[in-house]
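A short reminder: the numbers here are calculations on the coordinates, not readings from a lab. Because the structure is predicted, anything quoted here is derived from the model rather than measured. All Cβ positions, even for glycine, are placed from backbone atoms using ideal geometry, and neighbour counts span all protein chains on display.
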Ligand code: HEM
């Protein structure tokens, strides 16, 4: 009988110790999660930073709040690259929305852009 009481006593205090340890770990884990959340956040760029990529060899555009590195896409665009060149390094929503003659790009074209997204635009 004494053995059973002793075993119950040990089991009780072990569970208290386990609960206390887990509680102590709680806030630390929460901090780690918050930190990794920050690491996942999209990089933010200003228009000045976008403007540093204003050539056909290195062409970024800011479009509807997103920042895109379109360098690799330029040779695949259905027009010669000179059509897009004036928009490299710029806020290019107008270019995307009008194609330079007043007609918006297709939903397919808008969808293709996601592959080239490098971050978000900040003021
Ligand atoms: C922002 C500057 C841009 C300008 C001025 C521009 C202009 C044009 C022009 C003149 C055409 C051919 C005429 C036509 O189809 O109506 C065209 C077609 C097209 N462009 Fe662009 N483009 C730009 C950016 C982009 C980007 C960033 C993408 C995708 C990553 C893209 C994807 C396409 C596609 C897929 C087409 C075929 C037609 C369509 O799906 O709308 N363009 N673009």
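Considering the zone a paramagnetic label at residue 76 would reach in this model (a point 7 Å from Cα along the Cα-to-Cβ line), which residues of the range 87-123 have amide N under 13 Å from it? The answer is 109-117. Residues 61, 113 in ascending order of nearby Cβ atoms (within 10 Å, fewest first): 113, 61. Going from the fewest other Cβ atoms within 10 Å to the most, the residues 91, 114, 64 appear in the order 114, 64, 91. Footprinting exposure proxy ranking of 68, 116, fewest other C-beta atoms within 10 angstrom first, gives 116, 68.
For the peptides 92-105, 47-60, residues were scored by their other Cβ atoms within 10 Å and the scores averaged per peptide; the highest-first order is 47-60, 92-105.
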